[in-house]
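The values are calculated or read from the model by the stated rules, or taken from the named source; none is laboratory data. It should be emphasised that the depicted structure is a prediction, and the values quoted were computed from it without experimental measurement. Cβ placement follows ideal geometry from the backbone for every residue including glycine, while neighbour counts extend to all protein chains displayed. Accessible surface is based on the protein model in full, side chains and every heavy atom, while ligands, DNA and RNA are left aside. Shrake-Rupley method; radii C 1.70, N 1.55, O 1.52, S 1.80 Å.
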Amino acid sequence: MRLAFGAAVVSAIRQENAGLESNTEFATLVAAVAERRDRDAFAHLFDHFAPRLQSYLVRLGSDSGMAEEITQDVMVTLWRKAELFDPAKSSLATWLYRIARNRRIDSLRRDRHEYTDDMAVFDVDAESLDVDGVIDMQHREDRVRVAMETLPVEQLHLVRLAFFEGLSHSEIADRTKLPLGTVKSRIRLAFTRLRRTLEADGVVEAG
Amino acid sequence: MLIHTVRHYVGDAIGSAARPWRERFGALIHDAKEAGRDRPIDALLAGYAAGTLGKPLHRLVAAHLAIRPENRRFVRMLEETAGRRLEDAAPSALRDRDARLAAIFGSGPAPTSKAATRSSGIVPAPLADFIGHDLEDVRWRTLLPGVREFKVSDDMDGDASLLWIKPGRIMPAHTHEGSEVTLVLQGGFSDSTGHYRRGDIAIADHEIDHRPRADEDEDCICFAVTDAPLRLTGPVGRIVQRLFGH
């Protein structure tokens, strides 16, 4: 019964890979883990997200060993703290992304003896969308993409390198052969513009 | 929140960047004066969302978000975009899938959070965890009368300090090569860029005349990070630079 349910979910996920339906199905699987430590449900989540986390982390510059370690840490967190995931507040991919991001930053200096609590950050951000209700995830993401497309080409290029490739300003300067000051100023202008576009859209608070 | 007018950026904005943008998207455009203004905090928030800041700065921004609500939605939207990128990532083959699952199922209960119990009213949890001390246990070092410092970390990820400034004191003028990012935890201070109170982030580039003066009514406690110009993001080849002091 459980397996059949899982198979149906996986099939739905395959059909609608990044859509809202899969968000709903992921949320159902996470709830099964939270409520009764459902191993089948967890295995489906693991099979979907662990390989993606692995490749995403490598793309951001982690070596494969580190990426494996962080991926495993993230999956352990999902297993242990599934009840802290709130599908009304973020997609599962985003929730896992944030755990991976924070774990990666903590692991870069290899100060693993220090116990770092990702949940400290989650507790904070848990309130963040309570202000004026929830925008559906698809819609919210589209707004950022649309706003990014309004950037001048030379800024968009740098924003992509900084935001999606995870490059530092100095690395971007090296790659683009632009002076570091120009890189910095363009990126600053770009993100301020992005922010203002989203504000004008009414989806972000005025800063 | 913080509007920094940084003069040397104006030429770049109006000359190369603003014009095509204005032509293409007139409805979204703010006036020409606005186009010459950037707010370093937006790029800092984006760096937080993208995970490209060093650990001290990352925690500084997390603490800011914990204290103040106004930037949370912007950060959350960027994180959703990054989450979508994760969702879209091409899956890579996992080694030892079954063994890894077994290890997870065999892992014990989650350790209890030390950070949650340690966070005080002044220092939010993400920062308390990083500092590793209660504020009362911090071993302050007197820099000059009325100004005390505790160096939290000094490494490639950034030079992080707690500062305790008596009311009305002026910090010694100092220069730094990169940006100095300061989060106010208690009280407030003013410098040439504005007035900052609890939860505000002040970003001082080396161009800025930086002589912060603490408010008169209360001790000012800040967490300050001099950021690394370069991030270490993994492969040895990308680890490049040693930080500057200030």
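List of remarks:
- For the residues of A:144-154, the average number of beta carbons from a partner chain within 10 Å of their own beta carbon is 4.
- For B:LEU143, the residues whose modelled amide H falls within less than 5 Å of its own, excluding neighbours fewer than 5 places apart on the same chain, are B:ARG148, B:GLU149.
- For residues of B:136-144, the mean tally of beta carbons on other chains within 10 Å: 0
- Between B:ALA90 and B:LEU144, the simple spin-label model (points 7 angstrom out along Cα→Cβ) gives 5.8 nm.
- Packing, as the average of other Cβ atoms within 10 Å across residues, places the peptides A:174-180, A:189-195, B:69-75 in the order A:189-195, B:69-75, A:174-180, highest first.
- Inter-chain Cβ neighbour average for residues B:58-65, partner chain, 10 Å: 3
- The phi torsions of the stretch A:32-39, fed into the Karplus equation with coefficients 6.51, -1.76 and 1.60 and a -60° offset, translate into couplings of 5, 5, 5, 7, 9, 6, 5, 6 Hz, rounded to whole numbers, with Gly and Pro shown as x.
- Protection proxy ranking of B:55-64, B:141-150, by the mean of other Cβ atoms within 10 Å over each peptide's residues and highest first, is B:55-64, B:141-150.
- Stretch gain in nm, segment B:ALA99-B:ARG197, where the contour uses 0.36 nm per residue and the Cα spacing is subtracted: 30.2 nm
- Mean Cβ count within 10 Å, highest first, over the residues of peptides B:129-139, A:78-88, A:45-55, A:64-74: A:45-55, A:64-74, A:78-88, B:129-139
- Ranked order, A:SER91, B:SER92 - accessible area, probe 1.4 Å, largest first: B:SER92, A:SER91
- Residues whose amide H falls under 5 Å from that of B:GLN186, counting only those 5 or more places apart or on a different chain, are B:ILE221, with hydrogens built in the peptide plane.
- For B:GLU136 and B:ASP217, the FRET efficiency from 1/(1 + (r/R0)^6), where r spans their Cβ atoms and R0 equals 30 Å, is about 0.85.
- Links that overshoot a 27 Å alpha carbon limit, given the list A:LYS184/B:LYS55; A:LYS89/B:LYS55; A:LYS89/B:LYS151: A:LYS89/B:LYS151
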